[in-house]
Amino acid sequence: MMQRITGHTELLGLIAYPIRHSHSPRMHNLAASKLGLDYAYLCFDVDHDNLEEAVAGLKALKVRGWNVSMPNKIKILDYVDKLSPAVELIGASNTIVNDDGVLTAYNTDGVGSMEALRFYGHDPKDATITLIGAGGAGTAIACQAGLDGVKKLNIFNQKDDFWPRAEDNVEKVRRSGAEAVLMDLADKDALAAALAESSVLIDATNVGMGALEGQTNIPDISIIPRDMFVMHIVYSPEVTKLLADCKEAGIECANGMEMMYRQGAASFKYWTGVDMPLDYVKEHLFN
């Protein structure tokens, strides 16, 4: 396996803030090394304040491609040349491909989330799902859930700057033929009623990580049915407050690691044209 950087090594990366928790560098570097591909993947602390300059720099340095995470998934679209059909629908991107200076935005978050649900034995088709969050990841998940045949999607968000986007998400899901409703996350009675009719809860926010570690969108865990599956899409900390409460209550739950694997594999193929050796990566990521 390749163990060193060469003069021909192509650069991949991740731009987000906060970023140092990310497992993506090890995942992609393991995959490239296993396959003998001359790539290196690095993390870059980038938020809205320096996003434009960062993209210009990455483009000038001919970086092959990069992932985009919170808080840049929507704003990144201002600085690319082309949008994939999925990104046109979702309005957010987590994967950029640089083809000789032409930047194309893709989104693998939605596919990764739905594949993760299936991995855990919860097919979204014909299911009723409650989703918290309408940012870049939440939007991707909502749209993909509709495309994958969800029966009903209950979307909750704070009445903040993302509220109009949440309203748009409802319309996008409805166009796929699914039922979708939007409710205020502050309405705990509405949240309890939505959870009671759902088989899956997905928290697509960063509440519980970084500066928000120790916080949760559901302070009263008793409103979550004991037969529900809960997925919080963050993975650092490995167990957020929401997941810790679920575990204590005996509720099946998972963090965002499987989603990360699945969306990462899709991004890897966009950049390299090669399938990620996913089983190998899972086996060695934390060794």
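Before moving on, here are some points about what is shown:
- Where D220 falls short, out of the listed (1) within 30 Å of A31 (Cα to Cα); (2) in contact with a Lys or Arg (Cβ under 8 Å, 6 or more places away or on another chain); (3) surrounded by fewer than 20 Cβ atoms within 10 Å (Cβ to Cβ): (1)
- Contacts under 7 angstrom Cβ, first residue in the range 79-100 being among the acidic types (D, E), partner not in a loop (DSSP other than H, G, I, E, B), 6 or more apart: D81/V102; D81/L103; D81/T104
- Filtering the range 165-185 to residues that are over 25 Å from K75 (Cα atoms) and buried (at least 21 other Cβ atoms within 10 Å of the Cβ) leaves A178, A180.
- Residues that are basic (K, R) and either modelled with pLDDT under 95 or assigned by TED's automatic domain parsing to the domain that holds P71 (or both) within the range 144-173 comprise R165, K172, listed in sequence order.
- On the stretch given as the range 210-243, residues that are in contact with a Ser or Thr (Cβ under 8 Å, 6 or more places away or on another chain), modelled with pLDDT of 95 or more and more than 25 Å from V181 (Cβ to Cβ) total 3.
- Looking at L212, L201, just one residue is of a type outside the set (V, I, T), assigned by TED's automatic domain parsing to the domain that holds K159 and under 23 Å from N154 (Cα atoms), and that residue is L201.
- Number of positions in the range 124-180 that are under 15 Å from A92 (Cα atoms), over 17 Å from the mean Cα position of the chain (by Cα) and in contact (Cβ under 8 Å) with a residue 40 or more places away in the chain: 2
- Condition met for K188 (touching a helix residue (DSSP H, G or I) at 6+ places or on another chain (Cβ under 9 Å), of a type in the set (K, R), modelled with pLDDT of 95 or more and surrounded by fewer than 18 Cβ atoms within 10 Å (Cβ to Cβ)): yes
- All helices (runs of 4 or more DSSP H) inside the range 1-114 with 3 or more residues being under 18 Å from the mean Cα position of the chain (by Cα): 24-35, 85-90
- Enumeration of residues in the range 205-226 that are part of a loop (DSSP other than H, G, I, E, B) and either without any contact (Cβ under 8 Å) to a residue 12 or more places away in the chain or among the β-branched types (V, I, T) (or both): T205, V207, T216, I218, P219, I224
The values are calculated or read from the model by the stated rules, or taken from the named source; none is laboratory data. Since the structure is predicted, the reported quantities are computational estimates derived from the model, not experimental observations. Backbone-built Cβ (ideal geometry, glycine too); neighbour counts: all protein chains shown.
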